[in-house]
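Undergrad: I'd like to ask some things about the structure below.
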Amino acid sequence: HYWVTAGYGSALRILSEGLCISRQSGVHIYDSMLWSFMTAAEMASGQMERAGNALNHQLAAQMVTAKTLDIFFYHINCAWHALLAANPALAVEHLELIAIKVEKMGTPYYRALWNIGMAQALFSLNRPKDAMACVQTAHRISLEMHSTVMEWYSLLIGAYFLLQENREDEGVQSLREALLLGQRFGYVHLQFY
């Protein structure tokens, strides 16, 4: 709840409590996911050094479980971290590493999220057509799965790209649709923010 409502301080406190319980109990099956959210909350609140530290812990934890979902979220966070560090080529590398896993998992939400990340990396690499194709894929997936949150996110990213390319009418329309969805459902946060 705190994560999706952008209450990062509270989210970090709860995540720290979860990791403490893990250490005390010796039960580590959720460590990778806890570190994943810790990394993301640190990035979302602009704490890049702490995010890098959490990302290292996430790597160690996901290597123990080697679960596909843990590996997916590790590389998603690495790509996001790379984008925030102005290294879109590294973001693309991390996303390409999990491209086949994303398809094999078959979960539409994760496929849409992957496309959102790749879109932002490609746009940063001055490949706007490829970036827009990824956003359109994410948007199509969001409509097929009836995910208003992913629809909101793909519309926001698409609006940003359109406005950056001086396609004001289309960009404003996409932004209007996104903001109406965000207002209606209270959306605040997602990865690659």
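Undergrad: Which of (1) on the phi < 0 side of the Ramachandran plot; (2) open to solvent by less than 40 Å² (accessible area, probe 1.4 Å) is the odd one out, the single condition M145 does not satisfy?
TA: Here M145 clears every test but (2).
Undergrad: Sort out which residues of segment 118-129 are surrounded by 15 or more Cβ atoms within 10 Å (Cβ to Cβ) and assigned to a helix (DSSP H, G or I), and write them in order of number.
TA: Across segment 118-129, the qualifying residues are M118, A119, Q120, A121, L122, F123, S124, P128.
Undergrad: Restrict the check to segment 92-108 and report whether at least one residue is at negative phi, small (G, A, S) and under 11 Å from the mean Cα position of the chain (by Cα).
TA: no
Undergrad: While we're looking at this one, here's another question. Checking the conditions here, which among S16, S22 is at pLDDT 90 or above and open to solvent by 50 Å² or more (accessible area, probe 1.4 Å)?
TA: It is S16.
Undergrad: Give the residues of segment 115-140 that are free of Cβ contacts under 8 Å to residues at least 24 places away in the same chain and under 15 Å from A99 (Cα atoms), sorted by residue number.
TA: Passing the criteria: only C134.
Undergrad: So which of Q173, Q183 ends up being open to solvent by 60 Å² or more (accessible area, probe 1.4 Å), at pLDDT 95 or above and not in a loop (DSSP other than H, G, I, E, B)?
TA: Of the residues listed, the single one that is open to solvent by 60 Å² or more (accessible area, probe 1.4 Å), at pLDDT 95 or above and not in a loop (DSSP other than H, G, I, E, B) is Q173.
Undergrad: Please work out if F192 is at pLDDT below 95, surrounded by 17 or more Cβ atoms within 10 Å (Cβ to Cβ) and either among the hydrophobic types (A, V, I, L, M, F, W, C) or in a helix (DSSP H, G or I) (or both).
TA: In short, yes.
The values are calculated or read from the model by the stated rules, or taken from the named source; none is laboratory data. Since the model is a prediction, treat every value here as computed from it, not as a measurement. Every residue, glycine as well, gets a Cβ built from its backbone with ideal geometry; the counts of neighbours run over all protein chains shown. Areas reflect the complete protein model, heavy atoms only, side chains present, ligands, DNA and RNA absent. Shrake-Rupley method; radii C 1.70, N 1.55, O 1.52, S 1.80 Å.
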